[in-house]
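Take a look at the structure below.
The values are calculated or read from the model by the stated rules, or taken from the named source; none is laboratory data. In this text the structure is predicted, and so the values were computed from the model without any measurement. No Cβ is skipped: glycine too gets one built from the backbone with ideal geometry, and neighbour counts run over all protein chains shown. Please note that ligands, DNA and RNA were not included when accessible areas were found on the heavy atoms of the full protein model with its side chains. Shrake-Rupley method; radii C 1.70, N 1.55, O 1.52, S 1.80 Å.
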Amino acid sequence: KYILFSLEERQNFQLCYQGILASDEIIRCVGRENISVIPQIVEKIQKILNEPNIPRGLKIKCFPLYNDIFMIQDKSNGDYLNDVIKLLVEGMKSSIDPPKEDMDIDTLEYLKELRAKIVELLTGVFMFLTDQNQTNVFSPYIDGFIKYLSKIVEPEFKSDISLISDICGVLADLYTHFRGSVQLYFSRNSLDIIFKRLEDSTVPQHIEILNYCKQILSDFYSN
């Protein structure tokens, strides 16, 4: 009750911030046993996201919250798909430009975190759609998603190797379901960048994802 109350206090951003963190913690720890309260949380989160001049630090915490909701893999999550895809698209639009020299450190760190949260949520939502056999929901957005993922691996973004690894995995999964569309919007140069970064990694998981992606994209890459 206190968490739902805190999410309703939209003018008190600090209280809302704590409410979002608490909501995420409960959903992540309790999972399916807590499904009944998710619609109430989502309803209030959408009100927060629609609040004029919402602080960026508050908005970015909604990404992992939604990701944990979709990781529960309950079919009722389909009710939130439109709102979450809108959140993804807006986030991509605001973080697709390379960092500028005159940006302050806080803004640079925010955009870096935002890109990571977008890729994380995109992966979680796609896993849900795959589990529900509804990957066609992504069809109208696939060009924008692929262009975004291809763009943020470029050197000027200075993406962490962990983000490169996550992008590698989700690209392979998207290619599996949207082969023709991905070929239209994906660049060979982006794959070269991703493969080179991961080949230089000493983390076994990165090499595993690299090999998986190479196998999936072998026909595209060889051409």
Q.
Can you tell me which residue is surrounded by the fewest Cβ atoms within 10 Å (Cβ to Cβ) among those in the stretch 200-218 that are part of a loop (DSSP other than H, G, I, E, B) and without any contact (Cβ under 8 Å) to a residue 24 or more places away in the chain?
A. Thr202
**Q.** Residue, nearest to Tyr80 (Cα to Cα), within the stretch 17-47, restricted to residues that are of a type in the set (A, V, I, L, M, F, W, C) and at pLDDT 90 or above
**A.** Val42
Q.
For the stretch 127-155, give me each residue that is open to solvent by 10 Å² or more (accessible area, probe 1.4 Å) and among the aliphatic types (A, V, I, L, M).
A. Met127, Val137
Q: Evaluate the stretch 118-130: report whether one residue or more is in contact with a Gly (Cβ under 8 Å, 6 or more places away or on another chain), assigned to a helix (DSSP H, G or I) and under 19 Å from Asp97 (Cβ atoms).
A: yes
**Q.** Residues satisfying the stated conditions in the stretch 6-29, i.e. of a type in the set (Val, Ile, Thr) and either open to solvent by 60 Å² or more (accessible area, probe 1.4 Å) or not in a helix (DSSP H, G or I) (or both)
**A.** Ile26
Q. If you check Asn67, Asn82, which single one turns out to be among the polar types (S, T, N, Q), open to solvent by less than 30 Å² (accessible area, probe 1.4 Å) and outside any loop (DSSP other than H, G, I, E, B)?
A. Asn67
Q) Looking at Lys93, Lys117, which is the one that is in contact with a Phe, Trp or Tyr (Cβ under 6 Å, 6 or more places away or on another chain) and basic (Lys, Arg)? A) Lys117
**Q.** Positions within the stretch 85-103 being out of contact with any Gly (no Cβ under 8 Å at 6 or more places or on another chain) and part of a helix (DSSP H, G or I), in sequence order
**A.** Ile85, Lys86, Leu87, Leu88, Glu90, Gly91, Lys93, Ser94, Ser95
Q | Residue pairs meeting the criteria (Cβ under 8 Å; at least 6 apart or on separate chains; first without any contact (Cβ under 8 Å) to a residue 40 or more places away in the chain and acidic (Asp, Glu), in the stretch 143-161; second open to solvent by 60 Å² or more (accessible area, probe 1.4 Å) and part of a helix (DSSP H, G or I)) | A | none
Q: Confirm whether Asn53 is part of a loop (DSSP other than H, G, I, E, B), polar (S, T, N, Q) and free of Cβ contacts under 8 Å to residues at least 24 places away in the same chain.
A: yes
